[in-house]
Amino acid sequence: MINKFCETIKRLRTDTKVTQTELAQYLNISQRTYSNYETGRNEPDLDTLILLSNYFHVPVDVLIGKYSLPDTPITNHKVIKNNFSGINQINQNITM
């Protein structure tokens, strides 16, 4: 699953034209640490996964590979949020 995570965060970042440095600053980590997430050398902790989920407006399930991103390039965060609003609702219903 780590390979899917690496692919997903890199794709989200590149599709939205965010640099590793910009994302690392948002996450309050070094650029090298973030780069290690994309290459699979390190895994983020739960708090960082949640921050990534919030940043890209996708469920953590997408980040860890339970669900896939659409095949078309993602150009902004609102598109991502709209594509996965149904998954968020399903997850909320399951936890109730």
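The values are calculated or read from the model by the stated rules, or taken from the named source; none is laboratory data. Just so you know, these numbers come straight off a predicted model, no measurement behind them. Using ideal geometry, Cβ is built from the backbone for each residue, glycine included, and neighbour counts are taken over all protein chains shown.
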In the list Gln31, Gln20, which residue meets the criterion of being in contact (Cβ under 8 Å) with a residue 12 or more places away in the chain and either over 18 Å from Leu69 (Cβ atoms) or over 12 Å from the mean Cα position of the chain (by Cα) (or both)?
-> Gln20
All-but-one check, Val62 against (1) part of a helix (DSSP H, G or I); (2) at pLDDT 70 or above; (3) under 17 Å from Tyr26 (Cβ atoms); (4) hydrophobic (A, V, I, L, M, F, W, C), failing number (3)
For Glu7, the lone unmet condition from (1) at pLDDT below 90; (2) of a type in the set (D, E, K, R); (3) in a helix (DSSP H, G or I) is (1)
Considering only region 44-58, how many residues are touching a Ser or Thr at 6+ places or on another chain (Cβ under 8 Å) and surrounded by fewer than 17 Cβ atoms within 10 Å (Cβ to Cβ)?
-> 0
